[in-house]
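Have a look at the structure below before the remarks.
The values are calculated or read from the model by the stated rules, or taken from the named source; none is laboratory data. As the structure is a prediction and not an experimental result, all values here were calculated from the model. Note: ideal-geometry Cβ built from the backbone for every residue, glycine included; neighbour counts use all protein chains shown. Calculation scope for accessible area: heavy atoms of the full protein, side chains included, ligands and nucleic acids excluded. Shrake-Rupley method; radii C 1.70, N 1.55, O 1.52, S 1.80 Å.
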Amino acid sequence: MDEEFNVTYITLGGHVEVHKYRFLYFVIMFIAYILIICSNSTIVYLIVINRTLHEPMYIFIAALLINSVLFSTAVYPKLLIDFLSEKQVISYAACLFQGFVFYALGGSEFLLLAAMAYDRYVSICNPLQYSNVMTKRTVCIFLALAWILPAGELVPSAVINVNRKLCRYILTAIYCNNSVFKLHCVSSRAQSIYGVVILLNVALFPMLFVLFTYIRIFTITYRSCREVRRKAAETCLPHMLVLINFSLLCTYDIIIVRLESDIPKPLGLIMTFQLILYHPLVNPIIYGLKMKEISKHLKQLFCQVKINLCYQY
């Protein structure tokens, strides 16, 4: 507690021998952050400049990759500062804000995947109605809802917890997650119930919708010709891989929060690194390699860059 400014500080105690390996941690995470920004931004750039990719499916992919960059930016800058600092601390208000942004963008990820699943369902199962259903207005509404709904549901929880009294000031994590609620002097049953409701609305229900939609797509296309099945597999498989990947990582987060006192700190750190490293790096790889149109434009971009470099030298 800083008495002069009446600011409550929390120590981020999830680091393992940070004083010994601070520069190694910093270099690894800095390189990872740069790779995340560059790889995701490259795919988004290709979608923006190529008019052939100005379709709802690719717009949703661009939104998903932008979301990954924002998701990483909620964690990485503070993490990099902590690696080079003598003390890994954060104000309570800033901790709540970081957790709010982290989980709001995590919820947006599930809703964007749900929107993509609906887009694929209409495209494959009702192709004649696609242009009438997936209009620019519909796409904009889906994008707005994906980013506004999770944030709107998390606002009341963040506001309520701002003035709650803390009895503990050490958070067993390297960034602010739901573990911060364990620092409160009195646990709130209402807070726990509301958290479950949010989890259902922005994660579980969208995930079930995606699974149901893709099962429906594969069931319908199974009875169709080989070309239709191939198209369904090419467009749906990357989305399913991203959903499975992100769902597993969200399960990691729940396990870390629930069992943080029962698992060794190095194991908790490894699980945390997977959550913030793996997903933002894998997304552009999956869409860059598995989506045929994006892969084609990506190869053209690399060839153009190679030609330009050859002319320079």
> Can you tell which of F97, L64, A74 lies farthest toward the positive end of the dipole of the chain, using +1 and -1 charges on the Cβ of basic and acidic side chains (Lys, Arg; Asp, Glu)?
Replying inline: L64
> Which label marks the calculated value of P(r) over Cα pairs in 20 Å bins from 0, in percent, given the options (i) 29, 53, 18, 1; (ii) 34, 57, 8, 1; (iii) 31, 48, 18, 3, 0?
Replying inline: (i)
>> A 32 angstrom limit on the alpha carbon distance is what I want to check against. Which of K78/K231; K20/K299; K136/K231; K78/K165; K136/K296; K265/K296 exceed it?
In response: K78/K231; K20/K299; K265/K296
> Using alpha carbons only, how many degrees (0 to 90, rounded to 10) separate the axis of helix 56-73 from the longest principal axis of the chain?
Replying inline: 20
> Relative to the longest principal axis of the chain, what angle (0 to 90°, nearest 10) does the C-alpha long axis of helix 136-161 take?
Replying inline: 10
> In square angstrom, what is the accessible area per residue of the range 26-134 with a 1.4 angstrom probe?
Replying inline: 40
>> If I fit a long axis through the Cα atoms of helix 265-290 and take the longest principal axis of the Cα atoms of the chain, what angle between them do I get, 0 to 90°, rounded to 10?
In response: 20
